[in-house]
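Just so it is clear, none of the values below were taken in a lab; they were calculated from the coordinates. Bear in mind that the values here come from a model prediction, so they are computed numbers and not experimental data. Virtual Cβ from ideal backbone geometry, glycine too; neighbours counted across all protein chains shown.
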Amino acid sequence: MEPKPYKAEDLFEWVTQAGEEFLLLDVRVNEQFDRFKVEGPYLSDMVNVPYVEFVEHEEESVAKVPAAEKVRIVCAKEGSARYVGEILVNHGFKDVQYLEGGIKTWGNMLAPKLVASDDGYKLYQFIRPGKASCSYGLIYNDEMVLFDPSRNVDFYQRFAENNGARIVKSCETHLQADYISGSKQIAADFGAHILGHESDFKEATFKYDKIVDEQVYSFSRGGPEIKALHMPGHTPGSTSYLIDNQYLISGDTVFILSIGRPDLGGKAEEWSKLLYHTLQTKIEELIDDVIVLPGHYMDWSEANPSRIFSDTLGNIKNKNSDIYGISSETKFIEFIKDNMRPQPEVYAEVRKVNAGLLEVDPEQQEIMDLGKNECAASAQNAS
């Protein structure tokens, strides 16, 4: 008997649905495991025993693996997990599988969730569990508009084709720092228009349509309105998109259990003032029944029973009363500074890539793009 491969999509199903009990064995080095690991609401049994320990001390390493009916192994690129799987099978483990393609397939995987189906349109949330991020797709007739797509462009194209649509717009909520955007490639491959705010994209080397605050965008033949709302703070150009006056794709401005941190550009006090003004004006002007669809989440407790990351704005304000209840700009700046923490060094490089100012090969993109986001302002809610 040999270990069998499984896919990242299988892993997502196992860790997000009740009833699938298994041991997840991560054989990456401790430093990589500590930086970025598989997460899910039903993942209860996970252990990290590095591959090199199995090579150098096989018996002792096998003894560290708890007895389990099912063992699912994760490594960086696949080969190490397969090797360890063979060892476990030789030591009597019966149901052993390894992640096909390694942890990068988990890091890039997107899981579509239907958020709404109203008046002929469908709104989807694409969960990227390896990044704890969400992108979105809005389909009406044979056209699809994307919001904050990752670089997994093939997925979006297949999804559009499977739904009888073509990608016509790619809307950026801001210049991303924590992951590499797919918008530039989507525009090049499919002729889609990129939408972005000039405050973030003024140095971009590619063509984009400049967002105008409160401008309404639409499909070629009617459909739901897409209203751009400039909400500076996380970045100067941060923009949310109000869909059909019901759904707010908030980017990194409003999270379910926090807000976007305004210090990633190295101008914490200046951008904090912008964010405070946004919360006091633009957010306050929206009705509490608006459904917020965030760009990131901190953990799976934020998902609703359908495993979708969304909540009403009113509920979010109540959950984050310590933030939304701050009574002055000065106190808000103090709150931001009290919760500041170092940002990953790679973020500066990712911003350059997303503006077209830096070209890196696909292998380097994989390295830059791996790992959970660190975009929330409040440290007590951020991982």
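Things to note:
- Lys/Arg +1, Asp/Glu -1 at C-beta; region 314-383 dipole; positive extreme among GLY325, GLN365, PRO344: GLY325
- Going by neighbour counts of Cβ atoms within 10 Å, the residues VAL346, VAL52 line up, fewest first, as VAL52, VAL346.
- For VAL168, VAL47, order by how many other beta-carbon atoms lie within 10 Å, fewest first: VAL47, VAL168
- Each Lys and Arg contributes +1 and each Asp and Glu -1, all at the Cβ; summed about the Cα centre of region 4-105, the dipole is approximately 240 debye.
- The alpha-carbon atoms of the chain, seen along their principal axes, cover 64, 49, 41 angstrom, with the largest extent given first.
- Of all beta bridges that DSSP places with both ends in the chain, some 55 percent have antiparallel geometry.
- Protection proxy ranking for 272-282, 230-240, 54-64, using the average of other Cβ atoms within 10 Å per residue and placing the highest first: 230-240, 272-282, 54-64.
- The stretch between ARG158 and VAL89, if pulled fully straight at 0.36 nm per residue, gains 21.2 nm over its current Cα-Cα span.
- Listed residues ASN90, VAL27, TRP271: farthest to the positive end of the dipole of the chain (Cβ charges): TRP271
- Taking amide H as placed 1.01 Å from N in the peptide plane, LEU248 has its amide H under 5 Å from the amide H of ILE243, ILE291, VAL292, LEU293, each at least 5 places away in sequence or on another chain.
- Derived scalar couplings between HN and Hα for region 320-326 equal 10, 4, 5, 9, 6, x, 5 Hz in order, rounded to whole Hz, by the Karplus curve 6.51 cos²θ - 1.76 cosθ + 1.60 (θ = phi - 60°), x for Gly and Pro.
- For the chain, the Cβ-based charge dipole about the Cα centre amounts to some 520 debye (Lys, Arg positive; Asp, Glu negative; other atoms uncharged).
- HN-Hα J in Hz across region 13-22 - Karplus 6.51, -1.76, 1.60, θ = phi - 60°, x for Gly and Pro: 5, 5, 8, 10, 10, 5, x, 9, 8, 7
- Above-threshold pairs, the threshold being 28 Å between Cα atoms, out of LYS227/LYS337; LYS184/LYS337; LYS202/LYS267; LYS104/LYS352; LYS7/LYS131; LYS77/LYS210: LYS227/LYS337; LYS184/LYS337; LYS77/LYS210
- Cβ crowding within 10 Å ranks SER328, SER258 as SER328, SER258, fewest other Cβ atoms first.
- 0 to 90° range, to nearest 10: angle between helix 268-280 axis and the chain longest Cα axis: 70 degrees
- Along the axis of the charge dipole computed for the chain (Cβ charges of +1 for Lys and Arg, -1 for Asp and Glu, origin at the Cα centre), the listed residues PRO149, SER220, THR235 are led at the positive end by SER220.
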